[in-house]
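In what follows, a single structure is set out as structure tokens and then discussed.
The values are calculated or read from the model by the stated rules, or taken from the named source; none is laboratory data. These numbers were taken from a predicted model, which means no experiment stands behind them. All Cβ positions, even for glycine, are placed from backbone atoms using ideal geometry, and neighbour counts span all protein chains on display. For accessibility, only protein heavy atoms count, side chains too; no ligands or nucleic acids. Shrake-Rupley method; radii C 1.70, N 1.55, O 1.52, S 1.80 Å.
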Amino acid sequence: MIDIEIPGFRLLQLAHLVLDYNGTLAVNGDLIEGMKSRLNALAGSLGIHVVTADTFGKAARALDGLDGRLVILPPGNQAAAKADYVRQLGEQATVAIGNGRNDRLMLEQAALGIAVLGEEGTAAAAILAADLVVRDVFSALELLRNPRRLVATLRS
């Protein structure tokens, strides 16, 4: 659990981290080097959940050994499915990280939504739905490892 009071924003009591796979954790379906170990390091504080349509069919193999859960979503409305997953976990206890247009609803739904800029770009809709935009997924994960950094950016 990560607890942090952000003046003028909200008290965050985060228990779950929901991440998009392609474009966020992976490029062309290949997991970014060093990602699994960083996620496993956070697993002591947050439940790790990777949600994906698995466009390239590589997620299960790439995330083998992850201390978390991989959820491959059925075809259809990916944006709604990701938001529903956040609601099932409890949106007030969830931080979501993504970059795509189909991540916008989960970013909006989560207590803390973080849009990441990556090699595959970031959808404008994801940026507008997020509470925070960072240069890459490593920066997002570092904020969760050092949550007091969130205060400087999100306080009013």
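Assorted remarks:
- Selection from the range 27-46 of residues that are under 15 Å from the mean Cα position of the chain (by Cα), under 14 Å from LEU144 (Cβ atoms) and assigned to a loop (DSSP other than H, G, I, E, B): ALA43, SER45, LEU46
- When each of VAL71, VAL95 is tested for being part of a strand (DSSP E or B), surrounded by fewer than 24 Cβ atoms within 10 Å (Cβ to Cβ) and of a type in the set (A, V, I, L, M), the lone residue that passes is VAL71.
- Among (1) farther than 14 Å from LEU144 by Cα; (2) in a strand (DSSP E or B); (3) of a type outside the set (Gly, Ala, Ser), the one test that GLN13 misses: (1)
- Some residue of the range 83-92 being more than 16 Å from ALA140 (Cβ to Cβ), among the hydroxyl-bearing types (Ser, Thr, Tyr) and either buried (at least 18 other Cβ atoms within 10 Å of the Cβ) or touching a strand residue (DSSP E or B) at 6+ places or on another chain (Cβ under 6 Å) (or both): yes
- Selection within the range 111-153: residues that are of a type in the set (Val, Ile, Thr) and farther than 20 Å from MET1 by Cβ. The member of this set that is surrounded by the fewest Cβ atoms within 10 Å (Cβ to Cβ) is THR153.
- Flag for THR24 being touching a strand residue (DSSP E or B) at 6+ places or on another chain (Cβ under 6 Å), open to solvent by 70 Å² or more (accessible area, probe 1.4 Å) and either of a type in the set (Asp, Glu) or assigned to a loop (DSSP other than H, G, I, E, B) (or both): no
- Pair list, Cβ under 7 Å, 6 or more apart: the range 104-129 residue in contact (Cβ under 8 Å) with a residue 40 or more places away in the chain and under 21 Å from LEU150 (Cα atoms), other residue open to solvent by 40 Å² or more (accessible area, probe 1.4 Å) and assigned to a helix (DSSP H, G or I): ALA110/GLU91; ALA111/GLU91; ALA111/GLN92
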